Amino acid sequence: VQLVESGGGLVQAGGSLRLSCAASGSTFSIKAMGWYRQAPGKQRELVAVISRGGGSTNYADSVKGRFTISRDNAKDTMYLQMNSLKPEDTAVYYCNALGTTQDYWGQGTQVTVSS
């Protein structure tokens, strides 16, 4: 499974961005998917996860009410809609897919929120 993120960039505080994660390869093996982020000098943290069918989601407390995770299995793509962005949301955002025997990661996309 290969994962490619897109949609990152520079945005002012209060703005919005939509990240995408396109999966290819043995996508039939993908179960849950999620978004993680890593800010400079900090550990990678979970942002949001979504079940295989998309019916179950969970969010970090820091993004609840502002971010929305979704997936389109027909397109093998997962999304993260980020609204009301804050400078503390600045990080590299990574796509993660849980397979039958291993986890898969994308290369990451930079999100920078200016104050």
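The values are calculated or read from the model by the stated rules, or taken from the named source; none is laboratory data. Here the structure is a predicted model, which is why all the values come from computation and not from measurement. Please note: Cβ atoms are built from the backbone with ideal geometry, for glycine as well, and neighbour counts cover all protein chains shown. The area values use the complete protein model at the heavy-atom level, side chains included, leaving out ligands, DNA and RNA. Shrake-Rupley method; radii C 1.70, N 1.55, O 1.52, S 1.80 Å.
Working only within region 5-33, note down all residues that are under 12 Å from the mean Cα position of the chain (by Cα), more than 17 Å from Leu98 (Cβ to Cβ) and open to solvent by 40 Å² or more (accessible area, probe 1.4 Å).
Ser6, Arg18
Could you grab the pairs with beta carbons closer than 7 Å, sequence gap of 6+ or different chains, first residue in region 23-42 and under 12 Å from Cys95 (Cβ atoms) and at pLDDT 95 or above, second one open to solvent by less than 20 Å² (accessible area, probe 1.4 Å) and part of a loop (DSSP other than H, G, I, E, B)?
From region 23-42, the pairs are Ala23/Ile30.
Looking at region 1-40, what strands (runs of 3 or more DSSP E) fall wholly within it and have at least 2 residues that are small (Gly, Ala, Ser)?
Here the list reads 17-24.
Give all pairs with beta carbons closer than 9 Å in which a residue from region 49-69 that is touching a residue at least 60 places away in the same chain (Cβ under 8 Å) and closer than 16 Å to Lys86 by Cα meets a residue that is in a strand (DSSP E or B) and among the small types (Gly, Ala, Ser); count only pairs at least 6 apart in sequence or on separate chains.
Pairs found: none.
Open to solvent by 50 Å² or more (accessible area, probe 1.4 Å), within 10 Å of the chain's Cα centre (by Cα) and not aliphatic (A, V, I, L, M): does that describe Tyr36?
When the stated conditions are applied, Tyr36 passes them.
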